[in-house]
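Visitor: Below: one structure in structure tokens.
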Amino acid sequence: MVEQFQAPKGTHDVLPVESYRWQQLVASFAQVMGGAGYGLVQSPMFEDIGVFQRLGEGTEVVRKEMYDFYDKGERHLALRPEGTASVVRAFNQHRPTVPWKVWYVTPCFRYEEPQAGRFRQHHQVGAEALGSADPDLDAELIATQHDFYQRLGLKSVSLRLNSMGSANDRRAYTEHLAAWLGQRLDDLDPQDHPNASEHPLRVLDSKRERSRRIIAQAPHITDFLSDEARAHFERVQAGLDALGVAYELDTRLVRGLDYYTHSTWEFASAALSGAQNAVGGGGRYDGLAESLGGKPASGVGFGAGIERILLAADAEQALDTDGGAVEVFVVDVCGGSAGRDITFELRRNGISADRAFDGRSMKAQMKVADRSGARVALLVGTDELAADTVTLRYLRSGEPQVTLLRSGLVEQLAPLLARA
RNA sequence: CGGGCCGUAGCUCAGUCUGGUUAGAGCGCCGGGUUGUGGUCCCGGAGGUCGGGGGUUCAAGUCCCCUCGGUCCGCCCA
């Protein structure tokens, strides 16, 4: 017996009918972003590992979840753990005119233990605007992301917003926080001790009960904002207010990616439970382009997890799997030649059509026709073949069946389909 | 990294606690009936190394040990 292969741990196949929801989701995203002047960017799924390492020392996905490997040329590469780094690298490499507004859809890889809504390969849609520090772009991206969820019919999604200030503000706050936490180590959960000194911002994310009690009293980043950073943040909020996007300010929101400055935000779904309730998030990143070897350039963007969104959609019964069905199903019990020819005649004239294969019985073919979702079946039996006709049978209504002439089929069919 | 649960028909699962005739159901597949040769209704049939290995027993899907795989929770993230 030969080994039976299956998808690697933490990965999954997306098959019809489920994949139809993916198509809808991605199509919606393309439409929303395209309609806002964002163009599609396709970049490699793997990069020199340095591209991702520059995302920051405190970034969990970089520290311990990187899916890295050496190629035959001894290059140290890594599969992308998130979408922004490649886009910024591409921006540095090609120097497009700014603001450069792009969107993407991509798999993301993180080597970790899989769980509900958490995979080794998951998929994200996302968008970035590079080369401009205008706070209206922060607001534009947040509002567009919001509109995207709305368009999908998600009602339980809520937005939390924070500002990390400028790089200097962030640094000053981080140092202050480290010192503050250092004096209260005994009150923190022991598991958070390493982060308290190494990555103090991560501690704000802690969900451990004991730590949370202390965190509630921690100093607020917003008290460390420079006038400029404060003005930026206020403009973003004014934008969201004007655009009717509800949000909640949360000074503890730091997010897992280390590179954020100024705006940082996260959309969570109340329909998802536990630690996997984030359906997307983003922020501004002032230093990233430079740390990737480019000229200083600001940028802002977000990512949203497709699997998470679909989990939320499940819970809310949004985004159905209906649709994707052909209009016509051709049943041929006379060898399949007529079925083959009619199917293509319809398709080439813009009518979607499918047929049965393997010379199955009329009964079996009709069952397939029924399940296919097609509205009508076209039947070719010996009678029809002899008379050069085709029988049209309605599969979704009780209307009586109709005999059509084999020639000029498309012209006869079009009006019937239009009202069926 | 720590912990829970699950591997039985192509698919979704029951049966395992309390070991005992030929291991079941629904869907799918094939055939028959009804039908306008013709989906939905009815009847029948095919299909199973009970994840793998070892052990206990007169007897193991069921109990014990080992092992492989999946899944979920915590931490963190999408």
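The values are calculated or read from the model by the stated rules, or taken from the named source; none is laboratory data. Treat the numbers as computed from the prediction; the structure is a model and nothing was measured. Note that each Cβ is placed from the backbone with ideal geometry, even for glycine, and that neighbours are counted across all protein chains shown. SASA here: full protein model, heavy atoms, side chains in, ligands and nucleic acids out. Shrake-Rupley method; radii C 1.70, N 1.55, O 1.52, S 1.80 Å.
Visitor: Can you show me the helix-derived [θ] at 222 nm for chain A, built from DSSP H runs with n ≥ 4 at -39,500 (n - 2.57) apiece and divided by the number of residues, rounded to the nearest 500.
Guide: Values: 16 runs with 160 residues, N = 420.
Rounded to the nearest 500, the figure is -11000 deg cm²/dmol.
Visitor: Calculate how steeply helix A:306-316 sits against the longest principal axis of the alpha-carbon atoms of chain A, using the helix alpha-carbon long axis, and give the answer as 0 to 90 degrees to the nearest 10.
Guide: Helix A:306-316 sits roughly 70 degrees off the main axis of chain A.
Visitor: Kindly express, to the nearest 10 degrees and within the range 0 to 90, the angle between helix A:337-347's C-alpha long axis and the longest C-alpha principal axis of chain A.
Guide: 50
Visitor: Another one. Set the Förster radius R0 to 35 Å, insert the Cβ-Cβ distance between A:GLU198 and A:VAL17 as r into 1/(1 + (r/R0)^6), and round the FRET efficiency to 0.05. Walk me through the numbers before you get to the answer.
Guide: On the way: r = 47 Å, r/R0 = 1.33.
Working from the Cβ atoms, E equals 0.15.
Visitor: Now for a different question. State in Å² the accessible area per residue of segment A:2-69; use a 1.4 Å probe, count heavy atoms of protein chains only, and round to the nearest integer.
Guide: I get 61 Å² per residue for this part.
Visitor: Extension gain A:ALA275-A:PHE69, at 0.36 nm per residue separation less the Cα-Cα distance, in nm?
Guide: On the way: separation 206, 0.36 × 206 = 74.16 nm, distance 2.91 nm.
Between A:ALA275 and A:PHE69, full extension yields 71.3 nm more.
Visitor: Could you tell me the ratio Rg/Rh of chain A? Both radii from Cα atoms, Rh via Kirkwood.
Guide: Details: Rg = 27.5 Å, Rh = 24.8 Å.
Result: Rg/Rh = 1.11.
Visitor: Add +1 for every Lys or Arg and -1 for every Asp or Glu among the other residues with Cβ under 13 Å from the Cβ of A:ASP314, and state the total.
Guide: -2
Visitor: Another question, then. Taking a ≥ b ≥ c as the square roots of the Cα gyration tensor eigenvalues, with a/c under 1.5 meaning rounded and otherwise prolate when a/b beats b/c, else oblate, which class fits segment A:1-87?
Guide: On the way: a/c = 2.18, a/b = 1.11, b/c = 1.97.
It is oblate, given that a/c is not under 1.5 and a/b is not larger than b/c.
Visitor: So, one more: With the crude spin-label approximation of a point 7 Å out along Cα→Cβ, what separation in nm comes out for A:ASP358 versus A:VAL98?
Guide: It works out to 6.0 nm between the two label points.
Visitor: Taking a probe of 1.4 Å, how large is the accessible area per residue of segment A:288-399, in Å²? Intermediate values should be presented prior to the final figure.
Guide: Details: 5380 Å² over 112 residues.
Averaged over the residues of segment A:288-399, the accessible area is 48 Å².
Visitor: If you don't mind, there's one more thing I want to ask. Classify segment A:37-158 as rounded, prolate or oblate, taking a ≥ b ≥ c as the square roots of the eigenvalues of its Cα gyration tensor: rounded when a/c is under 1.5, otherwise prolate if a/b is larger than b/c and oblate if not. Spell out each step's value before the answer.
Guide: On the way: a/c = 2.14, a/b = 1.26, b/c = 1.69.
Oblate, because a/c is 1.5 or more while a/b does not exceed b/c.
Visitor: Going Cα to Cα from A:LYS9, which lysines come in below 23 Å? Please leave out same-chain ones fewer than 8 positions away.
Guide: A:LYS9 reaches A:LYS64.
Visitor: Just the accessible area per residue of segment A:164-204, please: how many Å² with a 1.4 Å probe? Can you show the working numbers first?
Guide: Numbers: 2010 Å² over 41 residues.
On a per-residue basis, segment A:164-204 sits at 49 Å².
Visitor: Let me ask something else about it. Could you name the aspartates and glutamates whose alpha carbon sits less than 12 Å from that of A:LYS295, not counting residues in the same chain fewer than 8 places away?
Guide: Qualifying aspartates and glutamates at Cα under 12 Å: A:ASP286.
Visitor: Compute the distance in nm between two label points, each set 7 Å from the Cα along the Cα-to-Cβ direction, one at A:SER337 and one at A:ASP186.
Guide: So the two model labels end up 9.4 nm from each other.
Visitor: In whole percent, and with a 1.4 Å probe on the protein chains, what portion of the accessible area of segment A:180-220 is carbon and sulfur?
Guide: Details: 1020 of 2390 Å².
After summing per-atom areas, the C and S share lands at 43 percent.
Visitor: Tell me which aspartates and glutamates have Cα within less than 16 Å of A:LYS367's Cα, excluding those fewer than 8 residues away on the same chain?
Guide: Candidates past the 8-residue exclusion: A:GLU327, A:ASP332, A:ASP354, A:ASP358.
Visitor: Hey, any idea what % of segment A:1-52's accessible area is carbon plus sulfur with a 1.4 Å probe? Before the final figure, lay out the partial values.
Guide: Working: 1930 of 3370 Å².
It is 57 percent, rounded to a whole number.
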